[in-house]
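Only one structure is covered here, and it is reproduced in the block below.
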Amino acid sequence: GAGVSQTPSNKVTEKGKYVELRCDPISGHTALYWYRQSLGQGPEFLIYFQGTGAADDSGLPNDRFFAVRPEGSVSTLKIQRTERGDSAMYLCASSLGERTEAFFGQGTRLTVV
Amino acid sequence: AQKITQTQPGMFVQEKEAVTLDCTYDTSDPSYGLFWYKQPSSGEMIFLIYQGSYDQQNATEGRYSLNFQKARKSANLVISASQLGDSAMYFCAMREIGGTSYGKLTFGQGTILTVHP
């Protein structure tokens, strides 16, 4: 498709489990961003990539969260030992460069039970 | 400190009327960009409009315009001729271009807009 694609759209997992959230950006977009959004709140920055490297990971809340983008296209957000407080909408966005608008995917709703 | 402040948790407007959604920002970076996004109940963030800090004119995109008052550090979104489909959450966001993390967007808390028929 032409837009940013995120899979799965919904994920329910048990506390303590490991999850992976996938983001497929718009073709040719070099910048990729991950955000977390709690209900009724604005998106909170987690990490962004320029190409394959993480240009800024200052928003990752702790070492249970990790993200990769090995080939400069698809990115995976990985969460270890999930906690109930990790439940949120995880949004991915991509842009042509760091100075242009970011286009968002539909998000992955993560629920930790 | 809050970098983006949206003081209106909810706004109501009659169909076909204009509405202004408020946004103030805080930055010491002379070079920055301001964005507005719309988030319908489906969850996707839809880009609406962009204003650069050095842009001389206020940005416009169809029914959307940005009332940029640099000295007041405000970037209000004006929606003209509201439609029922405009009912959604609206977010103001800022990118500080001069900083070390100039790709990062910082979002406000959002304003829920409801358009009445």
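The values are calculated or read from the model by the stated rules, or taken from the named source; none is laboratory data. Values in this document were obtained by computation on a predicted structure and should not be read as measured data. When we count neighbours, we look across all protein chains shown, and the Cβ atoms used for this are built from the backbone with ideal geometry, even at glycine. Surface accessibility is based on the protein's heavy atoms, side chains included, excluding ligands, DNA and RNA. Shrake-Rupley method; radii C 1.70, N 1.55, O 1.52, S 1.80 Å.
Tell me which residues, restricted to the range A:101-113, are touching a residue at least 60 places away in the same chain (Cβ under 8 Å) and either facing chain B (nearest Cβ under 8 Å) or open to solvent by 30 Å² or more (accessible area, probe 1.4 Å) (or both).
So the first thing to find is which residues in the range A:101-113 are touching a residue at least 60 places away in the same chain (Cβ under 8 Å), and the list is A:102-113.
Once the filter is applied, which keeps residues that are touching a residue at least 60 places away in the same chain (Cβ under 8 Å) and either facing chain B (nearest Cβ under 8 Å) or open to solvent by 30 Å² or more (accessible area, probe 1.4 Å) (or both), the range A:101-113 yields A:Ala102, A:Phe103, A:Phe104, A:Gly105, A:Gln106, A:Gly107, A:Arg109, A:Thr111, A:Val113.
Going by what's in this entry, would A:Ala55 be described as of a type in the set (Gly, Ala, Ser), within 14 Å of chain B (Cβ to nearest Cβ) and farther than 24 Å from B:Pro40 by Cβ? Yes, satisfied. Regarding A:Ala67, is this residue in a strand (DSSP E or B), under 21 Å from B:Gly103 (Cβ atoms) and over 11 Å from the mean Cα position of the chain (by Cα)? For A:Ala67, the condition - in a strand (DSSP E or B), under 21 Å from B:Gly103 (Cβ atoms) and over 11 Å from the mean Cα position of the chain (by Cα) - is not met. Summed over the range A:40-54, the residues that are open to solvent by 30 Å² or more (accessible area, probe 1.4 Å) and touching a residue at least 40 places away in the same chain (Cβ under 8 Å) give a count of 1. Within the range B:87-99, identify whether any single residue is among the polar types (S, T, N, Q), away from chain A (no Cβ under 11 Å) and more than 19 Å from A:Tyr33 (Cβ to Cβ), and answer yes or no. The answer is yes; a qualifying residue exists. Any idea which of A:Ser38, A:Ser58 is more than 13 Å from the chain's Cα centre (by Cα) and closer than 19 Å to B:Gln109 by Cα? Within the list A:Ser38, A:Ser58, the selection yields A:Ser38.
Here B:Ser82 fits the description: modelled with pLDDT of 95 or more, surrounded by 18 or more Cβ atoms within 10 Å (Cβ to Cβ), touching a strand residue (DSSP E or B) at 6+ places or on another chain (Cβ under 6 Å) and among the small types (Gly, Ala, Ser).
Picking from A:Phe66, A:Phe45, which residue would you name as being within 13 Å of another protein chain (Cβ to nearest Cβ) and touching a Lys or Arg at 6+ places or on another chain (Cβ under 6 Å)?
A:Phe45
The residue that is most open to solvent (accessible area, probe 1.4 Å), among those in the range A:70-87 that are part of a loop (DSSP other than H, G, I, E, B) and within 17 Å of A:Ser38 (Cα to Cα), is A:Glu83. Is it the case, given these coordinates, that A:Leu91 is assigned to a loop (DSSP other than H, G, I, E, B), out of contact with any Cys (no Cβ under 8 Å at 6 or more places or on another chain) and at pLDDT 95 or above? Criteria not met by A:Leu91.
State yes or no: is B:Lys104 open to solvent by 50 Å² or more (accessible area, probe 1.4 Å) and more than 11 Å from chain A (Cβ to nearest Cβ)? It is false that B:Lys104 is open to solvent by 50 Å² or more (accessible area, probe 1.4 Å) and more than 11 Å from chain A (Cβ to nearest Cβ).
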